[in-house]
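Below is one structure, written out as structure tokens, with a few remarks after it.
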Amino acid sequence: MIRRFWRRMAWIVPLACSACGETFQSALQPAGPHAASLARLIWSFTAICGVIWLLVMLVLLFALWRRHRPAEARHERRATAIIGAAVAATVLIITGLTLMSYAATRGLSDDAPDPVVIRVRGYQWWWEVTYADRRPERTFVTANEIHIPLHRPVRLELTAADVIHSFWVPNLAGKQDLIPGRNNTLTIVADAPGTYRAQCAEFCGLQHAHMALPVIAEDAAAFDTWRQAQLAEAPAPVTAEQAAGRDFFTAGPCSACHTVRGTSAAGRLGPDLTHVASRQTIAAGQLPTTRGSLAAWIADPQTIKPGNNMPLVPMTPDQLQSVSAWLASLR
Amino acid sequence: MPRAVLRSTQIVLLLGMVMAFAGPAAAADPPALDAASAPRLRAIMALPTERSGANSGAVVAAGTTLFVVTPYPQRVKAIALDRPGFPTRWSYTPPSTPEATALAANMVTTPAVADGRLLFVTGNGHAIALDAQSGTVLWDTIQADVSQGEMLAGPPLVVDGRVILGSQGDDFGVRGAMLALDAASGRRLWRYTNVGPDADVGIGGGFRSVALPNAEPDRGLVTWPAGAWQQGGGGLSAGVVYDTQHELLIHGTGHPAPWQPDVRQGDNLWTSGLFARDVATGQARWFDPLNPHDLYALGAGGSLLQAELDWHGTRRTLLLHASANGYVYVIDPADGRILDAHAFVPVTATTGIDPETGTPQRNPAMDVSTNSTTRGICPGWPGATGGGVPGAGSAAFLPRTGLLYIPASLLCMDFEPRQANYLPGTPYTGANLRTTGTPPRGALIAWDVAVARPAWRVEEAFPLRGGVLATEGGLVFYGTLDGWFKAADAGDGRVLWQFQTGAGIVSQPVAFTLPDGRAAVAVLSGAGGLANPDIDRRDATAAHGAANGLRDLQPPTDPIGRLYVFALP
Amino acid sequence: MIERCVLFAVLSLTACKREMRDLRSDPPEAAALDQVRPMENRIGGAAPRIMYALGQPYEGNAYQLNQGKRLYDWFGCKGCHAQGGGVIGPALMDGWWRYGSDPVSIYLSLRDGRPNGMPAFGQRMTTDQMWQLTGYIRSLGSYRPSTAAPSRNDEMQARPAENRGPAAAALIARPSR
């Protein structure tokens, strides 16, 4: 019986740990100094608390083993001394942990010189991302995907449009809330290239779980190339189908909520779609960006992500084809 | 033009924004309107204007005829002053489109008379010239796209056979423009927007700006986030002044769109400042940024006029701009250099003028950001002076006293930017706004330009939204929102005469001489806005927040405006 | 005693019916919802039959009213009508309706626009959205208090709550025109 239990555990523990090996969303796989200091904090806390737990268990076992001894006055005095020492040790350890925690979190909001400034505004249930620049015309709006250069501090200015959200990209930093009417900041630095998944970490309604955001860390050259490409207006349609899609988009209800720079569509309620096809996912990490998923999303957004604010716009199959063709061309 | 006539024309210019006033009869200032005769003023005409909208314009007297243009849908009347009972000589009703009704609610209707033509603009974007004698249409052109929320703002200004017009649609995300038409044919001579690339704005080699010395191209585009300039606003604001010496048109530009400031990072040029343009080509000569990245949607509103005055010992012709942001600017018209700027009302939004840049220093406590309410911003919308539309609420300067008479509002406001969404032809504002204040919420401020402080002020329960008329005889006429039309002594502000017109006054009083030689003053009553019966005052944000700050303003029993003419016996 | 407890428990469970959140209409439903039959002057008329089959969801359903309130903010209604008190457009909360107060009239005002400046939103919104907005606008100018309320204002508090029946005040006070 007992052997069977241990045999099972031998299977289950490595299985459970296997999820920790994922690098794209794990606080234990830090990819930057802030996350690393948090990871160190987690490991230190775990180690210290583990040691204390072991000690407590040993003392408990010792006490159980010696319980037959009759009580005497000198034992009372010794017990008082031991309890006093334990209380003092507890105070010391808790103070130490508090100081460690303080030191680690203080470093998170350091005002680094010359950061990349990204304003993130949380919506139900997607992220509006504005790349700010000292030169206003180099400021642009995108959505649901953040690109950051390696080794350079990135200051995120976080706010929300409707309810409280929380920005959490575990590989790079801790959580920070997005609160309507307030501006919170969070500085992140990535030292390892890769795609890290951020997730809303404050319950914000029906689709809270489906409010993700890929954070792509890449070298400075690739970042600059990406940024330059995002600044450009949407490419002109190449095929007749794409042109028909653009015409439907700008004339119909789509343009009431979405902006595509370079066309007359300038709505500000939904994600900016100027370069939607350049993003890895649509609908805040819900679907990979393909022409098929774009069409599926447009055809019935309420079935893919029930409760979101994108309405089902009635379209003929031809219109759906052409709009998805055009959007898929907006690289 | 002989020098003497020029001088008297300039004085008339000072009497308000009635620039087109160049008619021979109007140019003579009646000397009899002075402190001694003021109590003897009697109403000789009270003619209904048949519309309940705001009468924010002025009438024009030319020869023996008085021309009045009603609020939208416009109707032009030529009233014979030389016949008993003042019959209507002719009237003309231009074709109107109902779609423009809401948009045209607050437009300024002042016409212009020049070379035998009566020129005026309508709420649906038409610029029209009539024969002043017969009322027959000489030409009629469309110069603004009402379907996008653009309207022709402010009175036409006639300069050397050109009709200067400005368009505005700041609250609809329309790039406002300045344009010139040929007065004889109505043909468009030039048109330049106030936001966008240099080619659109008319910025070329002749452009200099004292405050913005770097010569980077396309600043009307690069001071906006990518693409945002296309809905940038910046229409005509504060009227147009013609500087004869430098042959410059000087005009204010409106606020940037939308009101929500964090989606338009940058200085948002060329909104909320003063432009000088060459009258022949429309090319920009200089620009003063008054409120870069305007947070409170005030624009360079208020009044703009030229005055000849002693400035530090020399006699100079200078620009006086009492601005919506609460400062009086003294500006050199040659290059736009700001010589002096001081607050004429209590201001909390800014803490003073930066001597380096000439722009106001922001008060960080009055910063605004989306979804949070900032309380106690002074001045409140639509500003410390002016009625929110170009040419309304003009100040007047009297060379004899050296005082600038400013119709001021002392209202403050609470302001909460909200998510703005651009839909063509619908408002692109994005803000909750309520004004706040307790009496006195308005004042007639006599601003001593030489020493930059008020000489005196007459406090009023409600903000002053109409213009001020200052006569050579030393009388200052102004109207109040609760319907009083008053005459004060230009020297000390004592109110010498007043008349209850029955409806609020937001128009520009005008002085002229009747054909029998008597001095007369004309003013239009009818305030629109909060007096509009369609406003429910239980909503504090109604009527741009006036429902809160002016909650106790009684609606008129009869909202129809009237033209009043007062004369000395 | 036990009987009473059981009875109480059963009774308390009866209130557990959750309000339906109909997140979208099926396309044929939406098409049918657009089939209003207006009077000749486009004020008043018959609602689409399917509205009754669906149980008039846009009048008394808090979710639909709340969506309407969001759309009122998002589609710029405030620019002309403030929070119901009016700016360059008329007040919506005073109980006076130039073009009719019934759902069909308001739906037509939204879809096709009205003279004097009301733009048409038929090309910019879906049928669902226009009915949601219709329900909310009716609640703004309602004479009767309602138990169905949209969410509270999370912005500047400017006027009485919608579900209190603000227009009823016009019956007591001097009508505003």
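The values are calculated or read from the model by the stated rules, or taken from the named source; none is laboratory data. All values derive from a computational prediction rather than experimental measurement. Here the Cβ is made from the backbone with ideal geometry for all residues, glycine too, and neighbour counts use every protein chain on show. Note: areas computed on protein heavy atoms with side chains; ligands, DNA, RNA excluded. Shrake-Rupley method; radii C 1.70, N 1.55, O 1.52, S 1.80 Å.
Of the accessible area of segment B:279-379, computed with a 1.4 Å probe over protein heavy atoms only, carbon and sulfur atoms account for 49 percent.
Near B:ALA547, once Lys and Arg are set to +1 and Asp and Glu to -1 for all other residues with Cβ below 10 Å from its Cβ, the sum equals +3.
A run of chain C free of exposed loop cleavage sites, with GluC sites (Glu not before Pro) counted only in DSSP states other than H, G, I, E and B and at most 15 other beta carbons within 10 Å, reaches its longest extent at C:41-177.
Taking the three principal axes of the alpha carbon atoms in the protein assembly as shown, the coordinate ranges are 126, 73, 70 Å, sorted in descending order. The residue among B:ALA567, B:TRP447, B:THR436 whose Cα reaches farthest toward the positive pole of the charge dipole of chain B, with charges on the beta-carbon of Lys, Arg, Asp and Glu, is B:ALA567.
Where the eigenvalues come from the Cα gyration tensor of segment B:248-288, what are the semi-axes √(5λ) of the equivalent ellipsoid, largest first, in whole Å?
Gyration-tensor ellipsoid for segment B:248-288: 25, 8, 7 Å.
Enter the angle in degrees (range 0 to 90, nearest 10) between the Cα long axis of helix A:240-251 and the first principal axis of the Cα atoms of chain A, meaning the one along which they spread out most. Value to nearest ten degrees: 80. Counting charges near B:MET151 (Lys, Arg +1; Asp, Glu -1) among other residues having Cβ under 14 Å from its Cβ returns a value of -4. Excluding same-chain neighbours fewer than eight residues apart, the lysines reachable from B:LYS486 by a Cα-Cα span under 28 Å are B:LYS77.
Looking at segment C:4-63, which trypsin sites (Lys or Arg not before Pro) are in a loop (DSSP not H, G, I, E or B) and have at most 13 other Cβ atoms within 10 Å?
C:LYS17, C:ARG18
Of the residues C:SER12, C:SER146, C:SER109, the one that moves most in a GNM of chain C with alpha-carbon contacts below 10 Å is C:SER12. Amide H contacts under 5 Å for B:LEU189: B:ALA180, B:LEU181, B:ASP182, restricted to partners 5 or more places along the chain or on a different chain, H placed in the peptide plane at 1.01 Å from N. For chain A, excluding the exposed loop sites themselves (GluC sites (Glu not before Pro), DSSP loop, at most 14 other Cβ atoms within 10 Å), the longest remaining stretch covers A:73-232.
What is the magnitude of the charge dipole of the protein assembly as shown about its Cα centre, with +1 placed on the Cβ of each Lys and Arg, -1 on the Cβ of each Asp and Glu, and no other charges, expressed in debye to the nearest 20?
3080
With R₀ set to 25 Å, the beta-carbon distance separating C:GLN35 from B:SER147 gives a calculated FRET efficiency near 0.30. Report the calculated FRET efficiency for A:THR225 and A:PHE45 (r = Cβ-Cβ distance, R0 = 60 Å), to the nearest 0.05. Efficiency for this residue pair is about 0.90. Charge tally around B:SER272: other residues with Cβ under 12 Å, Lys/Arg +1 each, Asp/Glu -1 each, net -3. Amide hydrogen proximity for B:VAL159: with H placed 1.01 Å from N in the peptide plane, the residues at 5 or more positions away or on another chain lying under 5 Å are B:ILE164.
Sequence neighbours fewer than 8 away in the same chain don't count; with that in mind, list the lysines whose C-alpha is under 27 Å from A:LYS175. Within the straight-line limit of under 27 Å, A:LYS175 reaches these lysines: A:LYS305. Based on C-alpha pairs under 8 angstrom that are at least 6 apart in sequence, chain B has a relative contact order of 15 percent. If both residues of a DSSP beta bridge must be in chain A, then about 70% of such bridges are antiparallel.
Which of A:ARG77, A:ARG40, A:ARG268 moves most in a GNM of chain A, Cα contacts under 10 Å? Residue with maximal mean-square fluctuation among A:ARG77, A:ARG40, A:ARG268: A:ARG77.
Among B:THR557, A:THR95, B:THR193, the order of accessible area from largest down is B:THR557, A:THR95, B:THR193, computed with a 1.4 Å probe on protein heavy atoms. When the charge dipole of chain B is built from unit charges on Cβ atoms (+1 for Lys and Arg, -1 for Asp and Glu) and taken about the Cα centre, the candidate among B:VAL240, B:PRO156, B:PHE275 whose Cα reaches farthest toward its positive end is B:PRO156.
In order along segment B:244-260, the Karplus-derived 3J(HN,Hα) couplings, from 6.51 cos²θ - 1.76 cosθ + 1.60 at θ = phi - 60°, round to 5, 5, 9, 6, 10, 8, 10, 9, x, 10, x, 7, x, 9, x, 5, 4 Hz, and Gly and Pro are given as x. Here's how it looks for B:ILE203: its modeled amide H is under 5 Å from those of B:ALA284, which are all 5 or more places away or on a different chain.
Note that segment C:26-141, at 25 °C in a medium of 0.890 mPa s, gets a Stokes-Einstein diffusion coefficient of 174 µm²/s from its Kirkwood radius over C-alpha pairs. Evaluate E = 1/(1 + (r/R0)^6) for B:ARG191 and A:THR239, where r is the Cβ-Cβ distance and R0 equals 41 Å; express this FRET efficiency to the nearest 0.05. So, using R0 = 41 Å, E works out to roughly 0.65.
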